[in-house]
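Here the structure comes first, spelled out in structure tokens, and everything after it is commentary.
The values are calculated or read from the model by the stated rules, or taken from the named source; none is laboratory data. Note that the structure is predicted; figures quoted are calculated from it, not measured. No Cβ is skipped: glycine too gets one built from the backbone with ideal geometry, and neighbour counts run over all protein chains shown.
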Amino acid sequence: MPFTMANWMNYIPKTIKLSEICMPGSHDAGMIAGQEYFPGNKYACQDLTIYQQCYQGVRFFDLRIGKNNNNAAAYHGFPPFREYGVRCSTFLNDVAQFLTEQPSEFVVVRIDHTKAGTEEMLNLVQHHQAHIKLPANGGFDIGRYRRRDVMGHMILLCKEGDHFTEHRPAARPFCHEYRKGNVIDVNGQLTTILGDYSDENRRMQILNKQIPQWDAFRLLKGDNPSLLYCLYLTNTGQILSRLNMNIRQLTESQDHGMKPWIIQGNNLQGRFRVAMVIPNIIFHDFCDEQTCERIVALNRWVLRLNNI
């Protein structure tokens with residue numbers, strides 16, 4: 001089978017843990033210009049459908065659930081400036097169709113900032129149960145999964161305390177929970193994701209603001225699969241994002257700003273568990289195949305350096 005961005009995970013060993021993979025991430029994935037009842041580009045973060053983003057290589061999606069015209073839908077912004085994107089039904093249908101066509105892949109859908117639409121979302125989740133990876137043995141930590149465990153499935157990753165699982169307890173059996181924040185608390189059952197949106201509009205400022213958390217991550221990572229890192233290369237707004245989020249500059253050469261992010265791992269108990277440490281998710285706006293290719297290429301580099 002020839003390598004494409006639609007099946008790139010097929011070229012990563014099935015025994016590799018999710019915590020050892022670097023995935024292209026789609027920031028506010030459902031805020032797609034021109035899709036369904038999304039009115040304009042003010043809060044547009046993407047310009048491809050969810051299905052198209054999957055085929056471009058995206059494997060981690062950011063979904064904020066609200067309600068518009070009695071439909072559960074993606075949203076962005078705060079009242080009175082909130083706008084709505086694609087319906088959650090379209091979102092999950094697209095992911096399920098992709099996984100049916102590309103069973104070597106898996107997709108993580110992160111649910112956060114839920115405001116409304118939880119009853120419909122629960123019905124949709126139950127409808128797509130065959131494509132959802134249920135938490136194993138009551139545990140919530142996704143980093144321990146190996147690729148073979150989750151192939152052909154979507155993982156619903158819900159923030160601890162989010163409105164969706166708090167107000168719809170029936171949704172909990174379908175969702176893995178995660179903790180996010182500056183305080184690192186890894187208990188082996190709950191995934192902890194470090195990294196946060198940097199409210200800047202210049203590439204190097206966005207990177208530099210995230211370095212303190214990255215330093216904490218790389219020092220504590222070791223053999224701990226519960227700890228993941230999300231690098232945010234996002235700035236909502238089509239013009240700013242296209243001008244400033246040039247990942248080519250970040251990945252072609254360590255001299256262009258990626259050096260602090262791709263570094264030697266620490267000596268752990270007299271041996272190197274991971275020769276190189278990279279972010280697990282690289283979030284960006286307006287996902288395209290070329291950008292995703294450069295993020296995916298980081299996996300091949302690390303596997304080669306680790307002789308895997």
Next on the checklist: Being surrounded by fewer than 19 Cβ atoms within 10 Å (Cβ to Cβ) and outside any loop (DSSP other than H, G, I, E, B) is the filter here; which residues of segment 97-123 pass it?
Outcome noted: 97, 100, 101, 119, 120, 123
Item to check | Test: residue in segment 168-178 that is within 18 Å of residue 15 (Cα to Cα), basic (Lys, Arg) and touching a helix residue (DSSP H, G or I) at 6+ places or on another chain (Cβ under 8 Å) | outcome: no
Next on the checklist: Could you go through segment 27-49 and let me know if any residue there is touching a residue at least 60 places away in the same chain (Cβ under 8 Å), over 17 Å from residue 114 (Cα atoms), of a type in the set (S, T, N, Q) and in contact with a Pro (Cβ under 8 Å, 6 or more places away or on another chain).
Outcome noted: no
Item to check | Considering residues of segment 124-173 that are part of a loop (DSSP other than H, G, I, E, B) and among the charged types (D, E, K, R) only, the residue farthest from residue 61 (Cα to Cα) | outcome: 168
Checklist entry - Does residue 89 count as modelled with pLDDT of 95 or more and over 18 Å from the mean Cα position of the chain (by Cα)? => result yes
Checklist entry - Given the structure, is residue 79 in a loop (DSSP other than H, G, I, E, B) and modelled with pLDDT of 95 or more? => result no
Checklist outcome for this item: For segment 52-74 the number of residues that are in contact (Cβ under 8 Å) with a residue 40 or more places away in the chain and over 17 Å from the mean Cα position of the chain (by Cα) is 5
Checklist entry - Counting just the residues of segment 169-179 that are surrounded by 17 or more Cβ atoms within 10 Å (Cβ to Cβ) and out of contact with any Cys (no Cβ under 8 Å at 6 or more places or on another chain), which one comes out modelled with the highest pLDDT? => result 174
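Okay, residues lined up against (1) under 13 Å from residue 176 (Cα atoms); (2) more than 18 Å from the chain's Cα centre (by Cα):
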{"position": "106", "(1), (2)": "no, no"}
{"position": "110", "(1), (2)": "yes, no"}
{"position": "120", "(1), (2)": "no, yes"}
{"position": "123", "(1), (2)": "no, yes"}
{"position": "132", "(1), (2)": "yes, no"}
Item to check | Odd one out for residue 34 among (1) in contact with an Asp or Glu (Cβ under 8 Å, 6 or more places away or on another chain); (2) modelled with pLDDT of 95 or more | outcome: (2)
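Here is a yes/no grid of residues against (1) at positive phi; (2) of a type in the set (A, V, I, L, M); (3) modelled with pLDDT of 85 or more; (4) in contact with a strand residue (DSSP E or B) (Cβ under 7 Å, 6 or more places away or on another chain):
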position: 151; (1), (2), (3), (4): no, yes, yes, no
position: 158; (1), (2), (3), (4): no, no, yes, yes
position: 165; (1), (2), (3), (4): no, no, yes, yes
position: 183; (1), (2), (3), (4): no, yes, no, no
position: 187; (1), (2), (3), (4): no, no, no, no
position: 193; (1), (2), (3), (4): no, yes, no, yes
position: 197; (1), (2), (3), (4): no, no, no, yes
